[in-house]
1. Just give me the residues in the stretch 139-154 being in contact with a helix residue (DSSP H, G or I) (Cβ under 8 Å, 6 or more places away or on another chain) and either more than 30 Å from Thr225 (Cβ to Cβ) or modelled with pLDDT under 90 (or both), in sequence order.
2. Could you look through the stretch 223-255, keep only residues that are closer than 16 Å to Gly163 by Cβ and of a type in the set (Asp, Glu), and pick out the one that is surrounded by the most Cβ atoms within 10 Å (Cβ to Cβ)?
3. Given Glu190, Glu137, which one is part of a helix (DSSP H, G or I) and under 36 Å from the mean Cα position of the chain (by Cα)?
4. Is at least one residue of the stretch 242-262 touching a residue at least 60 places away in the same chain (Cβ under 8 Å), under 27 Å from Val180 (Cβ atoms) and basic (Lys, Arg)?
5. Val157 is checked against (1) at pLDDT 95 or above; (2) over 28 Å from Arg264 (Cα atoms) and fails just one. What number does that condition carry?
Amino acid sequence: MDTNEQPDEQGDEPTVAHYTRADASKFPTTPAGQEASIEGMVAAMGGSEATRIHNRRKLAERRAMEDMEGTAMGRFQAKLLAELHRFEEERAAERRQWDASHGTALDTLAQGFRAARDTAARHDLAEQVGSSLPLAEAGVIRRVAKALEAAMPGVVVDARVDGWTAKEIAAELDLTPSYVYRMLREYPWEAAWSLYVMPDGWTSDDDDEPWERVTGGTEDSAGETADEVARRILDERLDPKLATKRVRVAVWRAGDGDDLLEARGDAEHEPTE
């Protein structure tokens, strides 16, 4: 006897376990037979009556679900479960996105920008947030700043088109007024304009006024606002015949379309009594 083997209580010889493969041909193949086999195993394992009832109920539920596959109710149930799964996945993704952005310096910057009422407040905000940016967020803002430098002429010109003065633009962008004036001279913008007249007898001031387009065109403008371009063109085109009518000139940046409600500037003439 090997020194590592210990005799059992029945004698001096060690016991050895033998494994015998079950005959698969004797396994039950019908659902009823399989259920009976499961119940038999549970009973042999000493399961309680409550356990056996629970197991039988779960088996019945599973077989009912299998029987529903391919039916209209089964397809509806599968679709409903898929939609619930998709909804849960979307909500989880939204929570992850919110967790990633909430409380960051960029989030603080956005909230502060919405609350800032003037240029001075926005400058103070930039200094406060800029002094405590973590690396990744500092990298984002630095790349945005580099992209802004290349786009600066367009930003300056577009602000001027909307009516900002050169001094206001300089203050907002932390530039000198002379730099802004030079940029406005070097980068003229293309103005698209249309001249309209109001039909005789129409007196409404609604947005749906039936303005009739008479003429229009495009021209380059350096340093003018859209309202100034509209006023200049109106003065140039207002002949004695037009002066007896209600006239309007609308101006857009070329490529913006010609929707009157989205005009960047306009000027009107009211006929004298």
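The values are calculated or read from the model by the stated rules, or taken from the named source; none is laboratory data. Treat the numbers as computed from the prediction; the structure is a model and nothing was measured. Using ideal geometry, Cβ is built from the backbone for each residue, glycine included, and neighbour counts are taken over all protein chains shown.
1. Val140, Ile141, Leu148
2. Across the stretch 223-255, the extreme among qualifying residues is Glu224.
3. Glu137
4. Yes, some residue in the stretch 242-262 is touching a residue at least 60 places away in the same chain (Cβ under 8 Å), under 27 Å from Val180 (Cβ atoms) and basic (Lys, Arg).
5. (2)
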